[in-house]
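The values are calculated or read from the model by the stated rules, or taken from the named source; none is laboratory data. Just so it is clear, the structure is predicted and the values come from calculations on it, not from any experiment. With ideal geometry, Cβ positions are generated from the backbone for all residues, glycine too; neighbour counts draw on all protein chains shown.
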């Protein structure tokens, strides 16, 4: 194609540069400047509190990764190689935690296992206490094992099952085969899930925020110092957390590029040779799935109990939909619902627009400028939500060119902007792989038939990336819809979202209301996932 | 003046001269093949004619119009791609309608023209089918229909038959020839298969290492190869140095290197018997003898008649009719 820049392409580049420089580079630069301005950086970083918080975060993440890996791997292995009754149903339940927004999950555990939770009240436990390290670790395991289950499960699907059969044929036992043949083939998904979990766990805020008590973690330290007005100390801690996460991100990308993908053979999975799970295993699977569902059930129960009923008389069956009615009839309670929906919709629109721009610029021959752009755009993927919020506060609490001389902090717009920054890497990656899968000659064919560049784009390119665009956008919507970590630093009373309300209603001892928002978030996410899966699975077959 | 004029096209990719001062023409209605090994630049030249690549220098003129600077959508061309490049999200009908809709042809006429072209490529019954469910041969015919339905000034073919298996390829070749006779559109056809080029073309341009080494009618190229490369690539000629020819060919003393087509190289068992048969391949109509003549490997084709007259290890004598021995320029292969 002609190497000259068309006006359309120039517009793409202008939009992209404006956003990337204004909303990623500039806020990060502000963070660096502010944290460097803090006096005695080194001595502060080496102070006992900071080191302790850092140590706690790393240890928590390490435990989370290893625990989640064991759980996820066991289920993925069992579900792939064994026959299980109602397998489809169980694997849906096992994936359930993915659909629960972080704050909602934490709240659900509080309602189930907290001091005044369902379990304590129904069983009349006096000294039962679910807090501190145990609580945070359990919630982390609950949130992150599905990642391993998904990654490893997908790897099993593309694995050449004849390698396993070959090992058996040569006389290797089950255990030996698992460790010498299966596990080495799972290196890529395992490392991928491990690094993702490590990053997410380092960045996790909700669980330590609610349950950690006096134990300190990096994310909560950042939040408390911001709330106490010590912005530069908060910025400095953010830099530290970012450094750890970004290193992880680069290790992951380096590893992904270094290790060659295993050759895929179409090996039909021999279900016939698979053995059925035994009774003990089956009972374990049933029990585990019940435990997975329990927090959600307790959330639902709390949401339909009359106010204060649990405190006074324990669990009764005197249910009411009063809380739900309140949200949809009283303005004060409906506003958060409206805020959540509009912030997510705006964020999805922004992210779609920008990811299309970025992915189209990145297309075609590699260049230094392109890989620089790709690196910058993928940075927020490795930056914890807390840090992104701090960066945006530093950048937009005063007028700047990039905000058209407006103060964005304290407005509605900062929420969708934060969600866009956080989700841009995900959707860009998704669109990029969609574009990558298009045979360039298909677009050339359109041009040869007389289609203008724009017509080729919307009648050929767009329909062909539609599925990856839609799937990515769905993820962006879900992430934005339940976002808490960045929102809690950026919202004001008028712009509070449902996940903020989950937290603040609980703080005001309106557990019923908090649970109701939680259930709404969960139901909407599940419904959207279900409907869009149905629609996407019916879309055009790819050639 | 020729209908397609390609003047002095040069193109470099990453410092490598892919096309080196290419000039070739085709008259209206002519079928021009660009024939060469992979990497010779033939596909790049086709893409430059289509406007999908820009040349570093040179001109493309079609029907008196200088197209060199125009984007592909303004060139009024039809392309059949090697992998067909059908729109996977559309059915057969919509694929073919794509170009017509851009030309803003009235709906009734669109249907009529698509029906007509589907008849031509014998796919009328598959009009509503998704293209991903078609066989390779059917996809190839849809690609062809999509390209010809807009009645382009020039058709460009990028090895359109190379993804088909052998018997289907021969069938598709005949089909293409029939359509070509029918429509008579000026075409440029890229291929590495010399039998395809010989069968289809009015004119062949043989390319090697970014240059056109010979252009002419199929018979011209076949019977009068310009150099050793063309002789070997197009006709699988046996080539001899002056000395080899003098010792191996009976009753002949050449003035330079010569070439003989396998079907014109005769073998007998009377005379010096200085060649050994190392392999006998019975291919039906013809018998192929591979010979070793004092270290030179040669091929002779004879009508099979009542079966092979010679067997492996037989010693034979070579000869050729003087009018079938062609003097060639002595250029290196490749």
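A few remarks follow.
- The helices (runs of 4 or more DSSP H) found entirely in the stretch B:197-278 that carry 3 or more residues being modelled with pLDDT of 90 or more, on the phi < 0 side of the Ramachandran plot and surrounded by 18 or more Cβ atoms within 10 Å (Cβ to Cβ) are B:218-223, B:228-235.
- Within the stretch B:300-314, the residues that satisfy the criterion of being closer than 18 Å to residue B:248 by Cα and touching a strand residue (DSSP E or B) at 6+ places or on another chain (Cβ under 6 Å) are B:300, B:301, B:314.
- Test for residue B:15: is it at pLDDT below 95 and under 25 Å from residue B:198 (Cβ atoms): no
- Checking residue B:301 against (1) surrounded by 15 or more Cβ atoms within 10 Å (Cβ to Cβ); (2) assigned to a strand (DSSP E or B); (3) out of contact with any helix residue (DSSP H, G or I) (no Cβ under 7 Å at 6 or more places or on another chain), the condition it does not meet: (3)
- Single residue of A:389, A:395 found to be in a helix (DSSP H, G or I), farther than 30 Å from residue B:86 by Cα and more than 20 Å from the chain's Cα centre (by Cα): A:395
- Considering (1) touching a residue at least 60 places away in the same chain (Cβ under 8 Å); (2) surrounded by 15 or more Cβ atoms within 10 Å (Cβ to Cβ), the lone condition that residue B:293 does not fulfil carries the number (1).
- Unmet requirement for residue A:85, which otherwise passes all of (1) at pLDDT 90 or above; (2) out of contact with any helix residue (DSSP H, G or I) (no Cβ under 7 Å at 6 or more places or on another chain): (1)
- Residue within the stretch B:107-128 that is free of Cβ contacts under 8 Å to residues at least 40 places away in the same chain, in contact with a strand residue (DSSP E or B) (Cβ under 8 Å, 6 or more places away or on another chain) and surrounded by fewer than 23 Cβ atoms within 10 Å (Cβ to Cβ) present: yes
- Pick from the stretch A:34-55, criterion exposed (fewer than 14 other Cβ atoms within 10 Å of the Cβ) and touching a residue at least 60 places away in the same chain (Cβ under 8 Å), ranking: farthest from the chain's Cα centre (by Cα): A:37
- Those residues of the stretch B:32-44 which are touching a residue at least 24 places away in the same chain (Cβ under 8 Å) and out of contact with any helix residue (DSSP H, G or I) (no Cβ under 6 Å at 6 or more places or on another chain), in sequence order: B:32, B:37, B:38, B:40, B:41, B:42, B:43, B:44
- Scanning the stretch A:323-340 for residues that are without any contact (Cβ under 8 Å) to a residue 60 or more places away in the chain and surrounded by 12 or more Cβ atoms within 10 Å (Cβ to Cβ) yields A:325, A:334, A:338.
- Counting only helices (runs of 4 or more DSSP H) that sit completely within the stretch A:56-138, those holding 1 or more residues that are touching a residue at least 24 places away in the same chain (Cβ under 8 Å), farther than 23 Å from residue A:220 by Cβ and out of contact with any strand residue (DSSP E or B) (no Cβ under 7 Å at 6 or more places or on another chain) correspond to A:87-94, A:118-123.
- Hits in the stretch B:146-176 - residues which are away from chain A (no Cβ under 12 Å), without any contact (Cβ under 8 Å) to a residue 60 or more places away in the chain and surrounded by fewer than 23 Cβ atoms within 10 Å (Cβ to Cβ): B:164, B:165, B:166, B:167, B:168, B:169, B:170, B:171, B:172, B:173, B:174, B:175
- Residue A:420 vs. criteria outside any helix (DSSP H, G or I), more than 14 Å from every other protein chain (Cβ to nearest Cβ) and either out of contact with any strand residue (DSSP E or B) (no Cβ under 7 Å at 6 or more places or on another chain) or free of Cβ contacts under 8 Å to residues at least 24 places away in the same chain (or both): no
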